[in-house]
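The values are calculated or read from the model by the stated rules, or taken from the named source; none is laboratory data. Quantities reported herein were computed from a predicted structural model and do not represent experimental measurements. Here the Cβ positions follow ideal geometry from the backbone for every residue, glycine too, while neighbour counts run over all protein chains shown.
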Amino acid sequence: MRDFFSLQRWLPGLASLLHYQRGWLLPDLRAGLSVAAVALPVAIAYAELAGVGAVVGLYSCILPMAVYALFGTSRQLIVGPDAATCAVIYAVVAPLAAGDPTKHWQLVMTMTAMTGFWCLIASRFRLGVLADFLSRPILMGLLNGVAITIMVGQLSKIFGFTYSEKFLIERLASTLDYLQQTHLPTLAMSLLTLLALLVCRWLKPNWPAAMLALAVAALAVWGSQLSPLGELGIQTIGAVPSGIPSLQIPDFPPGLLRELVLPALNLAMVSFVSMMLTARSFAAKNGYEIDADQEFRALGMANLASAASQGFAISGADSRTAVNDASGGKSQLVSLIAAGTIGLVTFTLTAPLQYIPTAALGVVLVMASFSLTDFRGLWALRNSDCAAFWLALITFISVLTMGVIPGITLAVLLGLFQFLRNVMRPTDQLLGTDQDGVVRTLGNDEQIKSVPGLMVYRFNSPLTYFNAPYFKRRVLALLTQDPSSPRCLVIDAVACFTHQDISVMIMVGELHRELKRRGIHMVMAGRHGQLSQWFRQAGVKVGEDGILLCPDIYQALRMTRCYRSQEEEEALTLAEGNPEQEEREVNLATTIA
């Protein structure tokens, strides 16, 4: 039993396969072959996007798929080359390689290994919570920008010219000049590929349209070479080596490693967030949960496996995952079947791949990138959440104007700033009670009234050193603005006192002294045991002479009512038992009159 739980912890995919049901085999076989049919042409196209040979894209599928099947917790997710990931890799590696294809490949493998190590470190420190770090609007702006960048970059392959500009804006500005350099046979091949792709999607939506379109283009190139016309000058991907890749030891100046560290961290972050969005959506659809920390480990192991097999960084592939789910895939065996099928092609059937034209790959990449865009969803944010709309728009424009890597860095910083803003300046509420005595937020309903002589306050964020001064200012400002001059302040401690922070304790002590000077009692509702210990350790008084502590907010309301009643009775008794004081008050009133 202990061995099983250990296996479940480290290899959840393998533990799941050990309880495999026989009835899943046929659906998994069908889904695995369908995934392989879609992954093969996409892997070759994305290898071109990353700036490496076509076979490298195939290497990036085989071992990573098998490794994720063992380490991952999602039964539907398919990992592999991803458009955004490849665009990031090329943007980082191309300037460092300076046109050397061998160095380019070695830098790609090194960056992939670094990405895997970052994922393993994040898993070790249980940072799966980072899946929620980049908000969906920021990721939406990022993917839209990356998609446009990829599509513009592939125009050179589709029309048969070569860009001399590096950045998107300059390329767009020179578009008309480049179109005059169009190579007509290449453009015709692009149109043929596009037509085959669209017709297949229209007539047979469940068929692997990309693979069939590339097959049509390859047959056209092969046929043109056999015809009397001879070569038409259409560029192809060339000979694709088969067999197991030979081991390469990176050979470049060690100083280049420094240039890869932060981009690899950015890539790990974006790849993980994108993968988790896909994994969670399909897990929710199929009624199970996934472990974010384990997914970080699985992504790290898959990237290390890709680097070891001479491949490039991978992520969750939403299109192939959708094919898996639509084909009825039930378990991680789908990934193993797809990996085996791609491996069979890679090691024995690579000869026909040499006829695939790069123009056809450009068309496939443009169509794949188009699926990343969601301008309608981005525009819809304008009405539903204006702040989210501006975050998405800023990220989108940054990727277009500054490039992929600066855009991703900005997206990460925007996510961080958004989080800090929400924590440093959170929302807060004043609470009251309805006719049944239930505590509710004031202002939402006219039936909810504040408690006379009492202010109940809720701060909707954990208190820490960087928002403690704001908390104090808000409390004092609300007390000053309250026309009823409350005698007691009740703070909902459950919402804001989540951990011990000496800066927060010092702030609470200062706030208590200020309230005491104003004649206002301070009451903490909730976390009675923890707060009692924390306050005493910080030297903050609790009890009758200090801060009053209650188990919950309803006990606090009852205690403050009794406390105020007792004060009123003592004041009345004192006034009735002191005739001289009464006489002085009457004389003073007469004098003023």
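Table for the structure above
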read-out: Count of the stretch 465-474 residues which are surrounded by fewer than 16 Cβ atoms within 10 Å (Cβ to Cβ) and either free of Cβ contacts under 8 Å to residues at least 12 places away in the same chain or assigned to a loop (DSSP other than H, G, I, E, B) (or both); value: 3
read-out: Hits in the stretch 290-322 - residues which are touching a residue at least 60 places away in the same chain (Cβ under 8 Å), within 20 Å of N206 (Cα to Cα), out of contact with any Pro (no Cβ under 8 Å at 6 or more places or on another chain) and not hydroxyl-bearing (S, T, Y); value: R320
read-out: Residue check for L267: in a helix (DSSP H, G or I), at pLDDT 90 or above and under 20 Å from K103 (Cβ atoms); value: yes
read-out: Residue among G255, G243, G287, G238 that alone is in contact (Cβ under 8 Å) with a residue 60 or more places away in the chain and surrounded by fewer than 11 Cβ atoms within 10 Å (Cβ to Cβ); value: G243
read-out: Selection within the stretch 139-183 - in a helix (DSSP H, G or I) and over 29 Å from V270 (Cα atoms); value: F159, A173, T175, L176, D177, Y178, L179
read-out: Residue ranges of helices (runs of 4 or more DSSP H) in the stretch 274-385 with at least 3 members closer than 19 Å to T73 by Cα; value: 292-308, 318-326, 333-348
read-out: Checklist (1) over 19 Å from V323 (Cβ atoms); (2) touching a helix residue (DSSP H, G or I) at 6+ places or on another chain (Cβ under 8 Å); (3) part of a helix (DSSP H, G or I); (4) not assigned by TED's automatic domain parsing to the domain that holds V364 applied to L187, failing item; value: (4)
read-out: Residue in the stretch 168-182 that is within 22 Å of L372 (Cα to Cα), in the same structural domain as F347 (by TED's automatic domain parsing) and free of Cβ contacts under 8 Å to residues at least 60 places away in the same chain present; value: yes
read-out: Qualifying residue in the stretch 445-461 (condition: exposed (fewer than 12 other Cβ atoms within 10 Å of the Cβ) and within 30 Å of M269 (Cβ to Cβ)); value: no
read-out: Residue within the stretch 266-276 that is within 29 Å of V323 (Cα to Cα), in contact with a Ser or Thr (Cβ under 6 Å, 6 or more places away or on another chain) and not assigned by TED's automatic domain parsing to the domain that holds S369 present; value: no
read-out: Any hit, the stretch 20-32, residues being part of a loop (DSSP other than H, G, I, E, B), touching a Leu at 6+ places or on another chain (Cβ under 8 Å) and surrounded by 15 or more Cβ atoms within 10 Å (Cβ to Cβ); value: no
read-out: Condition met for V270 (of a type in the set (V, I, T) and closer than 30 Å to L11 by Cβ); value: yes
read-out: Candidates A147, A209, filtered to the one that is in contact with a Cys (Cβ under 6 Å, 6 or more places away or on another chain) and buried (at least 19 other Cβ atoms within 10 Å of the Cβ); value: A209
read-out: For P462: the one exception among (1) under 23 Å from the mean Cα position of the chain (by Cα); (2) modelled with pLDDT under 90; value: (2)
read-out: Which numbered condition A45 misses (of (1) surrounded by fewer than 20 Cβ atoms within 10 Å (Cβ to Cβ); (2) closer than 30 Å to I408 by Cα; (3) of a type in the set (A, V, I, L, M, F, W, C)); value: (1)
read-out: Within the stretch 70-100, considering residues that are without any contact (Cβ under 8 Å) to a residue 24 or more places away in the chain and in a loop (DSSP other than H, G, I, E, B), the one surrounded by the most Cβ atoms within 10 Å (Cβ to Cβ); value: D100
read-out: Filter pass, T149 being out of contact with any His (no Cβ under 6 Å at 6 or more places or on another chain), farther than 30 Å from A387 by Cα and not acidic (D, E); value: no
read-out: Breaking point among (1) surrounded by 14 or more Cβ atoms within 10 Å (Cβ to Cβ); (2) in the same structural domain as A351 (by TED's automatic domain parsing), for A217; value: (2)
read-out: Qualifying positions in the stretch 501-558 - surrounded by 16 or more Cβ atoms within 10 Å (Cβ to Cβ), out of contact with any strand residue (DSSP E or B) (no Cβ under 9 Å at 6 or more places or on another chain) and assigned to a loop (DSSP other than H, G, I, E, B); value: D501
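Residues are listed down the side, and each one gets a yes or a no for (1) out of contact with any strand residue (DSSP E or B) (no Cβ under 6 Å at 6 or more places or on another chain); (2) of a type in the set (A, V, I, L, M, F, W, C); (3) closer than 20 Å to L197 by Cα; (4) surrounded by fewer than 19 Cβ atoms within 10 Å (Cβ to Cβ):
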{"residue": "A298", "(1), (2), (3), (4)": "yes, yes, no, no"}
{"residue": "Q310", "(1), (2), (3), (4)": "yes, no, no, no"}
{"residue": "A338", "(1), (2), (3), (4)": "yes, yes, no, no"}
{"residue": "L361", "(1), (2), (3), (4)": "yes, yes, yes, no"}
{"residue": "A368", "(1), (2), (3), (4)": "yes, yes, yes, no"}
{"residue": "S371", "(1), (2), (3), (4)": "yes, no, yes, yes"}
{"residue": "D374", "(1), (2), (3), (4)": "yes, no, no, yes"}
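Residues are listed down the side, and each one gets a yes or a no for (1) assigned to a loop (DSSP other than H, G, I, E, B); (2) free of Cβ contacts under 8 Å to residues at least 24 places away in the same chain:
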position	(1), (2)
T409	no, no
L414	no, no
F419	no, no
V423	no, no
L430	no, no
Q435	yes, yes
E446	yes, yes
P452	yes, no
L463	yes, no
